[in-house]
Structure formats: structure tokens, C-alpha cells
Amino acid sequence: MYNCYCILSAAYQNVFENLYLFKCILICHNRLNKYNNNKCGADLISFLKDLIIRAGNICLEEQNNITDKDLEFKTPKDLVTITDKKVELFIIQEIKTKYPQHDILGEETGRSGNSSRFLWIIDPIDGTTSYFHGQPFYAVSIALEKDGQIILGAVYAPVLGQLFHGQIDKGAFLNDVPINVSDTKHLTDAVMGTGFACLRSDLKNNNLVHFNTIVPQLRDIRRYGSAAIDLCYVACGKLDGFWEINLNIYDIAAGALIVQEAGGNLSDFSGNTDYPEKGIVAANSYLHPLLIKMLK
Ligand code: 2AM
Ligand code: CA
């Protein structure tokens, strides 16, 4: 009888252990599924990082040899070099080889495809004027949108050796080290960035009025000439805030995710989400409302 009891209780224990094991496997399976459906796999992130570094290396190799004959004008003030085009074609080729079904939007070549849930948004050189003039503040910017939401973004400034990347709900990184926006609370302690895409587009409603209002209240202002770098610098606290008007989606797509993942606030000039169409403002949560108040 005792033996019988022992066998039965061992059997029960076995069943419970197996059930417990089964439950653990199910939880892991569900978590993995959620990760794979919603987030970006490690494969996608390493593909993007490797791609953007190779693209940045092309920029580096060619920057010192660029001359006037390598230059075209989209408008009299809006430059494009042969390297912008070469780098964009290189990035597109690599994406098409790895993800042939995905749609692509590039600054220089426009949109190809309109049927995928995935859209790659490419700015081959953000800061082309700096690039042409032999300066360091330019970057390659690549973002990946899924179902209309940016889920992954990278910005690589090759002269500076700075690779920023951000992944939705997973944080933002500079050279693989996690980054956060600054905790500066007062305008007098803040260094901010802005830009003048509006001037190059000859807009009458330009940023000079805002510039004159805001700059005297700050510790100082920086104008790097690349919205992608400006946003990433807010993300890592090198800048406390940034605003600009007349930008395009490819200038800001990757940087927008990076600054949000670093804990920054991002909006248009009214505090809503119509950026970049109605202006773009990025800052920490203390300074963002102060900037909006001045820009409204
Ligand atoms: P680009 O270098 O890729 O052209 C700097 O103010 C930002 O404005 C950069 O991101 C730059 O991107 C963008 N920019 C430059 N000229 C522009 C123009 N004429 N219209 C809109 N954006 C412009
Ligand atoms: Ca750009």
C-alpha cells in the first residue's frame, strides 16, 4: 500500500512538474513571438548598423576629393553632390538585396514601392552643405517604419565617429552606450541647436524671428547644419533643445525616434504631432514647454 502511495505521489509530482515546465515554455514562446512581431530582431539592428557604417565610410573616402564639378543644385542654395547620390544608391541596393519586399523612401531618389508594411527612410548625407565645405557635422540617417510607426533608426556621423541608434521601447544609444536627454531646467543654463532650412528655401516666414526671441534667453546656441545630428545631440544631452522649420521626413525620421527613446519630448511648434510639417521641437521635459511657449 505504502509503495502504491509512493508511486502515485511521484506520478502526480511528475505531472505537476511537466505542467509547470510547459507553462514556462509557453510564456517564453509568447514573449518571443511578441518581440518578433512588434520589435526589431537583432539581425535587423546589426544589418542597419553595418549598413550605415559602410555608407558613412563612402562619405569619408570621398569628402576630400569633392570639387565644384561634383556638385548639382536642386535650387540655387540647395546642394547635392555625387556622393549623396552614390551613397543613397548603395543603401538602397543593400536593402533591396536583404529585404526585397520592403518599400523605400530616399531624399535623392524618392519613393519606390507602396505595398509593404515596412518603409525605409533614407537621408544619405544630412548636412550636405557642411559635407561639401569640408566640415565634420554631417551624417547618414536611416529609419525603418512599420505600419506607419518608426521602429528603428540610426544616425552615423563618420568624421565624429558617432553612431546613434534607437529601437522602439528599447532605448537609444551612442556607440552602443545608452543615452539620455539632459536634465537642464533653466533656459539660462541651456545650449540649444537650430537651423535655417527655411532660408535656403527662401521662405518669408523664416526662423529669424524665433531665433531673435529665443537666443538671448539661452546660455548659447549652436548651428550644426544637420537636423539628424541636432536631434541626436538632444538625445545624448550635448544639446538641451532644438527647433527648426521646413524640414522633411528624411531629415528627422531616425533622430525623432532616437530623441524619444532617450526620454526627450518631441512635437511641432504647437505641441502637437504634426512634425516636421508644422515645425519640430525637441527638448527635455523641463525645457520643451518653455520652447513651445516661445514658438507658438
Ligand atoms: P540636407 O543637408 O540633407 O539638405 C539644416 O538646417 C537642415 O536642413 C538639414 O537637415 C538639411 O538637410 C536641411 N535642408 C537644407 N536645405 C534645405 C532646403 N532648401 N529645404 C529643406 N531642408 C533643407
Ligand atoms: Ca537632409
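Every number in this text was worked out from the coordinates using simple rules, so none of it is lab data. Not measured: the values here are computed from a predicted model. Don't worry about glycine lacking a Cβ; one is built from the backbone with ideal geometry, like all the others, and counts go over all protein chains shown.
The table below gives the values:
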quantity: C-alpha long axis of helix 82-98 to longest principal axis of the chain, angle in °; calculated: 20 degrees
quantity: Set of the stretch 195-220 residues, backbone N closer than 20 Å to the point 7 Å along the Cα-Cβ line of K77; calculated: 195-215
quantity: Using alpha-carbon coordinates, inclination of helix 2-38 to the longest axis of the chain, degrees; calculated: 10 degrees
quantity: Simple spin-label estimate for D274 and Q217 in nanometres, 7 Å along Cα-Cβ; calculated: 2.3 nm
quantity: Ranked list, fewest to most other Cβ atoms within 10 Å of each Cβ, for L48, L295; calculated: L295, L48
quantity: Shape call, the stretch 42-178: gyration tensor on alpha carbons, a/c limit 1.5; calculated: oblate
quantity: For peptides 230-236, 281-287, 180-186, sequence by mean Cβ density within 10 Å, most packed first; calculated: 230-236, 281-287, 180-186
quantity: Span from the the stretch 211-266 Cα centroid across to the the stretch 111-129 one, whole angstrom; calculated: 20 Å
quantity: Stretchable slack from Q93 to D176, in nm (0.36 nm times residue separation minus alpha-carbon distance); calculated: 27.3 nm
quantity: Note, ³J(HN,Hα) from phi for the stretch 52-57, Karplus 6.51, -1.76, 1.60, rounded to Hz, x at Gly and Pro; calculated: 6, 5, 5, 5, x, 5
quantity: Directionally averaged shadow of the chain, computed from the convex hull of its alpha-carbon atoms, nm²; calculated: 20.8 nm²
quantity: Three-way shape label, the stretch 187-295, alpha-carbon gyration tensor, a/c 1.5; calculated: rounded
quantity: Exposure proxy order (Cβ contacts within 10 Å, fewest to most) of T213, T97; calculated: T97, T213
quantity: For peptides 51-60, 247-256, sequence by mean Cβ density within 10 Å, most packed first; calculated: 247-256, 51-60
quantity: Antiparallel content of DSSP bridges confined to the stretch 187-295, in %, to 5; calculated: 55 percent
